[in-house]
Amino acid sequence: MHRTFYILAALAFSIFHSQVAAVPVQAVDVCIYAGTPAGINAAIAARQEGRSVLLVEPSRWVGGILGAGIKPKQDCPIIRAVGGLTQSKVFNFSLSPETLRTDFQQWLKDEQVPVIYGHRLQSLEREGGRIVRLHLEDAPPDETGIPQAAGKHEVSQIIEAKVFIDASYEGDVMAAAGVAYSVGREAHETYGEAPAGVGLPTNWTPLDPYIRPGDPASGLLPLVDADHGRAKGAGDEYTQAYNYRFYVTDDPAKRVPLTPPADYEAAQYEVVGRFVEYLVKTHAQDAKKLQASLSMIFPGWRNQGEYNYQRQSLITMAPLGLSRYYQDGDYTARARVWKQHQDYLRGLHHFMSTDARVPEKFRAYTASLGLDKTKHEETNGWPNQLYVRLTRRMDGPYRLTHADVLNTTQVSDSVGLALYGVDIYPVRRYAAKNPETGELGIATEGNMFIGGAKGTGHPYAIPYRAITPKVEQCSNLLVPVCISASYIAYASARMEPVFCILGESAGVAAAQAIDAGETVQAIDVAKLQKRLLERGQILEWTAEK
């Protein structure tokens with residue numbers, strides 16, 4: 001039996017390597033994985049620094065979440081703190097997602113950066129402490145932008161490079177290379193961060209959480225978690241909510257109907273019905289406030305034309321608790337979570353259009369709304385990117401913590417500035433007791449908005465060591481998105497303008513590592529900073545600024 005197993009294993013190994021051997025290898029100086037804004041800036045910077053580059057984008061589009069709803073200057077309270085390519089180019093792109101994607105594509109074309117679309121990482125090869133090749137599989141997303149659960153499993157492209165930059169929201173190259181990383185929330189005592197770990201209930205509402213009111217044996221309502229019982233400040237596996245930044249319209253010429261999912265059952269949204277009843281009773285004498293409160297459920301909070309998660313509502317346009325399955329999940333898990341976000345939104349729309357507990361006028365209003373296909377025509381109105389706020393966080397030589405956000409630390413190897421306070425969306429909706437009365441109800445938890453645009457006091461430096469792995473783990477990889485940070489610090493640094501800044505700095509660092517024949521950790525940081533300043537990057541916040 002064992003002999004048969006080894007024969008089959010050897011045969012499979014032989015077949016795999018014969019297939020790989022037949023795939024042509026593309027060799028470049030710098031390979032950038034993921035066409036996020038950080039990846040685009042990295043590729044263009046490395047190209048401008050005289051290196052051959054190749055950008056690999058798993059989807060059919062570049063631009064990441066900036067191409068799917070968020071605007072370039074959103075979450076950038078101090079424009080003067082941003083320089084380089086981000087200030088001169090990205091900030092001048094269109095505010096409309098469909099033309100913004102085109103702007104990014106044209107920029108890459110103008111800078112002669114080749115892009116491989118619809119291919120994602122299958123595996124990689126290492127020699128010693130270096131990545132030498134990426135093996136890619138053909139796996140384009142479906143017609144609504146959802147990634148495939150399973151690709152074709154055959155290596156269809158092999159990319160060889162001297163330096164790799166992982167600019168993905170998920171840190172796939174980083175993880176596959178064996179670089180250490182963290183997920184979930186650290187405890188308060190891990191880094192001495194006052195806001196860290198499990199928080200107090202928010203949006204507590206006196207709703208019965210059980211399927212049969214008053215009967216715990218009947219089980220909790222769908223969309224309500226059981227409390228894991230961990231103390232305030234404890235760590236856990238949860239992470240903040242994701243959502244679509246989507247557009248709606250009631251114009252029949254632009255509207256794509258939001259139909260309920262095939263397995264829709266009204267009972268799955270019973271907690272929504274109970275919340276609506278509570279709002280109707282609470283705002284019985286204020287029709288305007290009732291309308292506003294119902295709108296926070298669907299379509300949510302209107303940001304800059306697109307709708308976003310309304311953190312002040314017990315229930316809004318995105319599910320809670322699912323992001324923890326995505327953050328370190330495989331492709332199958334990610335596809336499932338992505339689709340669950342779509343199905344939840346479709347089901348919520350149908351419930352708010354049909355349930356008798358929703359006031360008739362609001363039901364009719366909701367029913368008139370559909371996705372705006374003019375914003376995302378290629379994906380039938382759905383944004384092509386789910387807003388994945390954070391996943392893995394690298395464990396690098398330097399870890400950003402809340403102390404950095406508060407400007408109580410000093411670093412000498414700055415490669416850009418972060419601009420925002422700690423901004424965390426809720427992580428879960430759960431059965432919870434009112435902290436003051438002890439009454440059982442339903443609440444959210446994890447929401448945090450510490451200072452917002454002014455939460456840092458002033459912009460703070462992100463050190464080069466936060467975008468490099470530890471040298472013993474990988475010596476030719478840079479990570480400008482899944483940076484080395486605590487859960488709390490990442491919630492401040494995670495803004496797209498910051499990722500753009502770090503992407504450019506990573507591209508220049510990659511070129512200098514190749515020029516010097518050094519590991520990315522051993523380059524002359526002073527020389528890197530000098531070149532970044534020449535390119536217009538801003539590395540420190542001084543009084544005159």
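Any read-out appearing in this document is the output of simple, stated calculations on the displayed coordinates, not a laboratory observation. Quantities reported herein were computed from a predicted structural model and do not represent experimental measurements. Here Cβ is always computed from backbone atoms with ideal geometry, including for glycine, and neighbour counts include all displayed protein chains.
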Take every Cα-Cα distance within the stretch 123-209, group them into 10 Å bins from 0 onward, and report for each bin the whole-number percent of pairs it holds. 12, 28, 24, 20, 13, 3
Sticking to Cα atoms, compute the Rg of the stretch 387-489 to one decimal and its Dmax as the biggest Cα-Cα distance, whole number, in Å. 17.1, 56
Long-range share for the stretch 111-165, i.e. C-alpha pairs more than 14 Å apart as a percent of all pairs, stands at 59
Under a no-solvent Debye model with one identical scatterer per Cα of the stretch 22-87, what's log10 I(q)/I(0) at q = 0.12, 0.14, 0.17 Å⁻¹? -0.40, -0.52, -0.71
Given H placed 1.01 Å from N in the peptide plane, which residues other than close sequence neighbours of Ser182 have an amide H under 5 Å from its amide H? Arg393, Met394, Asp395
Take the Cα coordinates of the stretch 297-373, assign each an equal point scatterer, and use the Debye formula without solvent to give log10 I(q)/I(0) at q = 0.24 Å⁻¹. -1.17
Cβ-Cβ FRET estimate between Arg357 and Ala253, R0 fixed at 30 Å, reported to 0.05: 0.40
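What number comes out for the charge environment of Arg357, summing +1 per Lys or Arg and -1 per Asp or Glu over other residues with Cβ under 9 Å away? Before the final figure, lay out the partial values.
Working: positive: Arg274; negative: Glu277, Asp355.
Within the 9 Å Cβ shell, the charges total -1.
Provide His458, His349 in ascending order of the number of other Cβ atoms located within 10 Å of each residue's Cβ, fewest first.
Numbers: His458 14, His349 23.
Sorted ascending by nearby Cβ count, the order is His458, His349.
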Rounded tilt (10° steps) of 287-297 against the dominant C-alpha axis of the chain: 40
State the extension gain, in nm to one decimal, for the chain segment bounded by Ser123 and Asp110, taking 0.36 nm per residue of separation less the distance between their alpha-carbons. 1.6 nm
Which pairs in the list Lys254/Lys289; Lys232/Lys288; Lys254/Lys339; Lys73/Lys109; Lys71/Lys530; Lys281/Lys375 are over 27 Å apart, alpha-carbon to alpha-carbon? Lys254/Lys289; Lys232/Lys288; Lys71/Lys530; Lys281/Lys375
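Convex hull over the alpha-carbon atoms of the chain: what's its volume per residue in Å³?
Values: hull volume 96.0 nm³, N = 545.
With only Cα atoms used, the chain gives 176 Å³ per residue.
Tell me the Kirkwood radius of the stretch 44-202: reciprocal of the mean inverse pair distance over distinct alpha-carbon atoms, in Å. Don't jump to the answer; show the numbers that get you there.
On the way: mean 1/r = 0.0541 Å⁻¹.
Kirkwood hydrodynamic radius for the stretch 44-202: 18.5 Å.
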Under a 5 Å amide H to amide H cut-off, with H placed in plane at 1.01 Å, what residues pair with Ile165 once short-range neighbours are removed? Cys31, Ile32, Tyr33, Leu478
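Could you tally the net charge around Lys71, taking each other residue with its Cβ under 15 Å from the Cβ of Lys71, Lys/Arg +1 and Asp/Glu -1? List each step's numbers first, then the result.
Numbers: positive: Lys73, Lys89, Arg101, Arg245, Arg302, Lys375; negative: Asp75, Glu98, Asp103, Glu306, Glu496.
Taking every other residue near Lys71 into account, the sum is +1.
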So for the pair Thr542, His458, with labels modelled 7 Å out along Cα→Cβ, what separation do we get in nm? 1.1
Tell me which GluC sites (Glu not before Pro) from the stretch 430-497 have a DSSP coil assignment and no more than 15 other beta carbons within 10 Å of their own. Glu436, Glu439, Glu472
Evaluate the distance, in nm, between pseudo-label points positioned 7 Å from the Cα of Glu439 and of Ala149 along their respective Cα→Cβ axes. 4.3
Taking the chain as the reference, fit the longest principal axis to its C-alpha atoms, fit the long axis of helix 37-48 to the helix C-alpha atoms, and give the angle between the two in degrees, 0 to 90, nearest 10. 20
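What number comes out for the charge environment of Glu504, summing +1 per Lys or Arg and -1 per Asp or Glu over other residues with Cβ under 14 Å away? Intermediate values should be presented prior to the final figure.
Numbers: positive: Arg47, Arg51, Lys89, Arg531, Arg535; negative: Glu49, Glu111, Glu496, Glu534.
With Lys, Arg at +1 and Asp, Glu at -1, the neighbours total +1.
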Sticking to Cα atoms, compute the Rg of the stretch 225-320 to one decimal and its Dmax as the biggest Cα-Cα distance, whole number, in Å. 16.2, 52
